[in-house]
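As structure tokens, the structure follows; a few thoughts come after it.
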Amino acid sequence: MPDLHVTSRFVIAESELNWSASRSGGPGGQNVNKVNSKVTLRWKPETQTGFDDSWRKRFVTQFGTRINKEGELVLHSEATRDQSRNLSEVRERLVSMLLGCRLPPKKRKATRPSLGSKKRRLEGKRQQSEKKRRRRKPGWDD
């Protein structure tokens, strides 16, 4: 397999990606007992060169549960019966995970409710209160 191109500036070398194949569960009939179609991809984000520190920190924070004690990100794919398609699917998933946390989240701008929204909220509360007041027995709140 060729190198994994995440962006034009960030490429993961094939030597950095370790993948293995094993027997998969699921559909396949008797074929499932003979063919190693499940793919497990392992990648160490901490040792990757050319990976921006802030990007790496966001990635590890977001996907830390998928990183084992050795510091490897572990991804599995057994969606299809074909090993090569499972390998390309797990590589695409790694790229989408990396691109998903590439940019820092936008800062929230503090806003206040508008005067109109305050009035609508209070009017709704008044109407609800009046509706419930009319349901009571007469002489209840003298």
* Asked: Is it the case that some residue within the stretch 103-118 is closer than 30 Å to Thr61 by Cβ and in contact (Cβ under 8 Å) with a residue 40 or more places away in the chain?
  -> yes
* Got at least one residue in the stretch 63-71 being under 20 Å from Arg9 (Cβ atoms) and either out of contact with any strand residue (DSSP E or B) (no Cβ under 8 Å at 6 or more places or on another chain) or without any contact (Cβ under 8 Å) to a residue 40 or more places away in the chain (or both)? -> no
* Structure fact -> Across (1) within 30 Å of Trp19 (Cβ to Cβ); (2) among the hydroxyl-bearing types (Ser, Thr, Tyr); (3) loosely packed, with under 12 Cβ neighbours inside 10 Å, Ser114 clears everything bar (1)
* Asked: Restricting the search to the stretch 48-73, which residues are among the aliphatic types (A, V, I, L, M) and in contact with a helix residue (DSSP H, G or I) (Cβ under 8 Å, 6 or more places away or on another chain)?
  -> Ile67, Leu73
* Considering only the stretch 72-99, how many residues are over 18 Å from Met1 (Cα atoms) and in contact (Cβ under 8 Å) with a residue 60 or more places away in the chain? -> 2
* Count - residues of the stretch 45-64 that are at pLDDT below 90 and among the β-branched types (Val, Ile, Thr) -> 2
* Structure fact -> Pairing a residue in the stretch 1-18 that is crowded, with 18+ Cβ neighbours inside 10 Å with any residue that is basic (Lys, Arg), where Cβ atoms lie under 6 Å and the two sit 6 or more apart in sequence or on different chains, gives Leu4/Arg91
* Asked: How about the stretch 90-102: which of its residues are surrounded by fewer than 17 Cβ atoms within 10 Å (Cβ to Cβ) and not hydrophobic (A, V, I, L, M, F, W, C)?
  -> Glu92, Arg93, Ser96, Gly100, Arg102
* List pairs: first in the stretch 27-44 and at pLDDT below 70, second exposed (fewer than 11 other Cβ atoms within 10 Å of the Cβ) and assigned to a loop (DSSP other than H, G, I, E, B), Cβ under 8 Å, 6+ apart or cross-chain? -> Val32/Gly25
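The values are calculated or read from the model by the stated rules, or taken from the named source; none is laboratory data. If you're wondering where the values come from, they're calculated on a predicted model, not measured in any experiment. Note that we place each Cβ from the backbone using ideal geometry, even for glycine, and neighbour counts take in every protein chain shown.
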